[in-house]
Amino acid sequence: MAGVEGLGFEDGLATLCEFTIESLLLAIRTLEIAPKAIILAGGGRQNTHLVNRMRAKLDAGVQLYQSEDLGWRGGAIEAEAFAYVAVRSQRGLPISYPGTTGVPRPLTGGKLNTPSAPDGSGF
C-alpha cells in the first residue's frame, strides 16, 4: 500500500491498524446519531492490538462487542451476508432501500450472466 512500503513490518502493521481505526472514527463522525455500540466481526476482531487501540480511541460511552457476544458467528458473518445478498439478487428481490442507502426505490443487486465458451458451448 502506498505510504507504508518504506516501513518495517511491525511499523507497517501498526500504521494499517491505526488507519483502520481512524477510518472507523471518521465514519462515526459522519453519522447524525453517534452509535452506542460497535459489533466486531471478521478476522480483525481477533487482533487484540487493533481491538485495544479501538477501545482506547472510542468515546467512553461506546460499547465494543465481539459478534460472538451476541450469538453471531464472527468468522462467517461476512460470507453469510454475501450469500444472503446473492440469493435475493438471484430471485429479483431488493437488497438496497431508500431508507438505508438513499436509492430512489427498492433495488435488486443486478443480474446473473453466464459466459459462453468461444464455441458457444458454455463453461
- In deg cm²/dmol and to the nearest 500, what is the mean residue ellipticity at 222 nm of the chain if only DSSP H runs of at least 4 residues count, each as -39500 (n - 2.57), divided by the residue total? -12500 deg cm²/dmol
- Quotient of Cα Rg and 2.2 N^0.38 Å for segment 26-123, N being how many residues it contains: 1.52
- Item | Hydrodynamic radius of segment 72-118 per Kirkwood, over alpha carbon pairs, in Å | 12.3
- Task: Provide the FRET efficiency to the nearest 0.05 for the LEU70-ARG29 pair, computing r from the beta carbons and using R0 = 22 Å.
- Result: 0.30
- Query: What residues have an amide H closer than 5 Å to that of ILE38, excluding those fewer than 5 places away on the same chain, when H is modeled at 1.01 Å from N in the peptide plane?
  - Reply: GLN63, LEU64, TYR65
- Item | Per-selection metrics, segment 1-73 (Cα): Rg and Dmax in Å | 13.6, 41
- Using Cα pairs under 8 angstrom and six or more residues apart, how large is the relative contact order of segment 19-123, in percent? 18
- Message: Restricting to DSSP loop positions (anything but H, G, I, E, B) with no more than 11 other Cβ atoms inside 10 Å of their own Cβ, which trypsin sites (Lys or Arg not before Pro) remain in segment 1-59?
- Response: LYS36
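FYI, it's all coordinate maths here, none of it is from the lab. Given the structure is predicted, the values throughout are model-derived calculations rather than measurements. So basically every Cβ, Gly included, is an ideal-geometry build from the backbone, and we count neighbours across all protein chains shown.
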